[in-house]
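The values are calculated or read from the model by the stated rules, or taken from the named source; none is laboratory data. Predicted model only: the values in this text are computed from it and were never measured. Cβ atoms come from the backbone with ideal geometry, glycine included; neighbour counts cover every protein chain shown. Please note that ligands, DNA and RNA were not included when accessible areas were found on the heavy atoms of the full protein model with its side chains. Shrake-Rupley method; radii C 1.70, N 1.55, O 1.52, S 1.80 Å.
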Amino acid sequence: MIAALFAPLRRPALRSNLAMSLPPPPPASAGTTERPAARPATRAFGRFQLRRLLGKSERSMAWLAYDPRVEQDVMLTLPRSQPLDEAALADWRREVDLAARLKHPQVAPPSEIGVQDHWPYVAVDRAYGATLGEWLEAHPGSSALDHVGWICQLLEGLAAVHESGVAHGDLQFHGVLVSEQGQVRLMGLAAASEPELPGGPRPAGQHQRALAVHAGDLQARRERGERDVLCAGLMLYRLLAGQPALDEPDVTASAQRLPPHGRDIVRLPWSLPRPVPEALRAIVNRATSSQERQRYLNARTLLRALDGWRRVDGQDNGGPLALLLDRLRSVGHLPAMPGVGRRVARLAASEAKRTDELSREILQDMALSLEMLRQVNSSLNQAAHASGTVVITVRRAVALMGLEGVRRAAQALRSWPGPLNEHAAARLRRLMDQVRLAAFTAQALRPPGYDGEVIYLVVMLQNLGRLLVGYHFPEEAEQIRQLMRSSPPPPNAEPGTPDLPGLSEEQASLAVLGVGIDALGLAAAKHWGLGDEMQVMMRRLPLDRPVRTADSDLDVLRVLASAANEAVDALQIVEGRRLPAALAQVAQRYARTLSVDARAVKEALDAGQQALRNGLAPEGLDADGTAEEPTGSPGAAADGSPGAAPAVGEASPAPARPPLAA
């Protein structure tokens, strides 16, 4: 009877397809929980009276139907094509039953799983809400924050689905429900039909579904999960852009047009009715990237990025610091290096030890150096008489805090490696060595008269965001590194195609965390009370802008630290044969401001590497070790003389500013 009913509506190219062109009855209210009155239906599907089509794709369709058995509306999800045989139907039922066992707030539980005339279906109570497509029609003014919130809930459910061993299979707007309270649920898990294999239909008797063809095939399951995540990114694209990607309403079909199956490219356009924040744009573009290696490979990585953006830009809760506060309280900013804390405690226990000797030991531990600056500046901020004073050297911090303060700071740190596992701790150690190399390089490049300790700390603070991410978000830090790497061209590329470039660090950080690395470091510095001037010096010079002449000692320090960091970054990223050209490019950028050439940059790097190998303490004290505390600008020499002017042109006097307790 069912086959006869739909026979005139079948598409000639498909076998036994349920028709999509049924004339809809008068529309029913979406999401209502009231018991609807029975009324004549246009079509019947078994005992169900089909009211209207809620959505369709190449693999699935959803109908609003009336169930006279319970006297209420339900939503039916069916595959677009019937299973080939009883074995394929059994496979379909097994997957759907497995998905139905999952209990999760973001998954709509089926009220019934059944088969009618060899058409399998999954029924869900209409009380769970309207489809996402219906919701958008009823709420056209939804904001980007609303859209991201829906996708985050969707991803929470999707992650649970994947972790239970199944996949959705056809993530579409008609497979996502939104309640009146804004709760999002997935429906129709594993109900979609699989595409036919190349070369035509499978022979009868073979299993149709990919997961059943190779039972327990983890590769197939992972691919289906990655396709779900790609579809989630395409859904977010459609929500933000206001139109489907590639003008294809079928989300799964548009996913098939991206590599490796197709050659289309999907990126959010710049001209949109509503501007999209840069961080959110980076997340969407990574989710739909034409480079497979750059995409989010599981639902939780995309969820973390979107949730980070929501916490930073979508809510008034402290900005980037909101991502760090809880972690800073629980595990500190960085772990103390092995052995340094004991040596400092031993030195602090001896009243005869001098401040400069104690400072040398402290500077060898980044965590302790930062903790000293944090404690002394926080105390100064709370003291009314010290308003505007900022301490930027460990020497001065030791003098103000005393030996007891040094002991407290050392005891406040977590021992190495904190909560990190062995591999994450090794990566953080390499990053710390990279930062120390940049600091030694900057000291070798510094003009005469500039305090080496100040330069060392400025370089370290320019890397504060990297250090915090490496410690508090080790998995995300590794993702950022992977995204920054170039990749070989796809197999179908023409001969001679160059490698595909990786993302910049800022773009990679936005795509992974929802916030830039530098923004995290600046937020922590502001939270510690390091002051506006230090925050200015902490900002690396943008790579896409020329370096202008330094107008003050603050500018010189910022430029010097940026040059050293760029040189060390080139050393880490660029291959050996291309390294001289990369260093020459760094020297060219800073030639006018610092009077350096490629040879000077190379020699400074060599000197920094030698100091790192020898385990030298940071410079900054006079040769006799009796340096006076500088009283002028942060770039002042240790004897109190003003810092040197820029090499090209005379530096104009710095504007009046709060005193810096160097």
Margin query: Any residue that is among the charged types (D, E, K, R), assigned to a helix (DSSP H, G or I) and at pLDDT below 90 - is there at least one of those in region 475-493?
Written below: no
Check: Which residues, taken from region 90-103, are surrounded by fewer than 16 Cβ atoms within 10 Å (Cβ to Cβ) and in a loop (DSSP other than H, G, I, E, B)?
Finding: Arg101, Lys103
Check: How about region 388-438: which of its residues are over 35 Å from the mean Cα position of the chain (by Cα), touching a residue at least 60 places away in the same chain (Cβ under 8 Å) and open to solvent by 70 Å² or more (accessible area, probe 1.4 Å)?
Finding: Arg396, Leu400
Checklist line | Hits in region 510-523 (condition: hydrophobic (A, V, I, L, M, F, W, C) and either assigned by the TED database to the domain that holds Leu306 or buried (at least 24 other Cβ atoms within 10 Å of the Cβ) (or both)) | finding: Leu510, Ala511, Val512, Leu513, Val515, Ile517, Leu520, Ala523
Margin query: Return the residues of region 263-275 that are open to solvent by 20 Å² or more (accessible area, probe 1.4 Å) and not small (Gly, Ala, Ser); say none if nothing qualifies.
Written below: Arg263, Asp264, Ile265, Arg267, Pro269, Trp270, Leu272, Pro273, Arg274, Pro275
Notebook entry, point to check: Is there a residue in region 548-559 that is of a type outside the set (Val, Ile, Thr), within 16 Å of Ala438 (Cβ to Cβ), within 32 Å of the chain's Cα centre (by Cα) and not in a loop (DSSP other than H, G, I, E, B)?
Noted result: yes
Check: Picking from Ala144, Ala87, which residue would you name as being surrounded by fewer than 22 Cβ atoms within 10 Å (Cβ to Cβ), farther than 30 Å from Leu268 by Cβ and out of contact with any strand residue (DSSP E or B) (no Cβ under 7 Å at 6 or more places or on another chain)?
Finding: Ala87
Notebook entry, point to check: Which of the residues belonging to region 494-522 are in contact with a Gly (Cβ under 9 Å, 6 or more places away or on another chain), at negative phi and in a loop (DSSP other than H, G, I, E, B)?
Noted result: Val515, Gly516
Check: Is there a residue being touching an Asp or Glu at 6+ places or on another chain (Cβ under 9 Å), of a type outside the set (Lys, Arg) and closer than 22 Å to Leu64 by Cβ anywhere in region 150-167?
Finding: no
Next item on the list: For region 223-253, enumerate the residues that are free of Cβ contacts under 8 Å to residues at least 40 places away in the same chain and among the polar types (S, T, N, Q).
Entry: Gln243
Check: Within region 523-537, can you find the residues that are outside any loop (DSSP other than H, G, I, E, B) and either at pLDDT 90 or above or not charged (D, E, K, R) (or both)?
Finding: Ala523, Ala524, Ala525, His527, Trp528, Gly531, Met534, Gln535, Val536, Met537
Check: Yes or no: Glu134 open to solvent by 10 Å² or more (accessible area, probe 1.4 Å), closer than 17 Å to Met235 by Cβ and either not hydroxyl-bearing (Ser, Thr, Tyr) or not assigned by the TED database to the domain that holds Leu53 (or both)?
Finding: yes
Notebook entry, point to check: Assuming Arg540 fulfils every condition listed in (1) surrounded by 24 or more Cβ atoms within 10 Å (Cβ to Cβ); (2) in a loop (DSSP other than H, G, I, E, B) apart from one, which condition is it?
Noted result: (1)
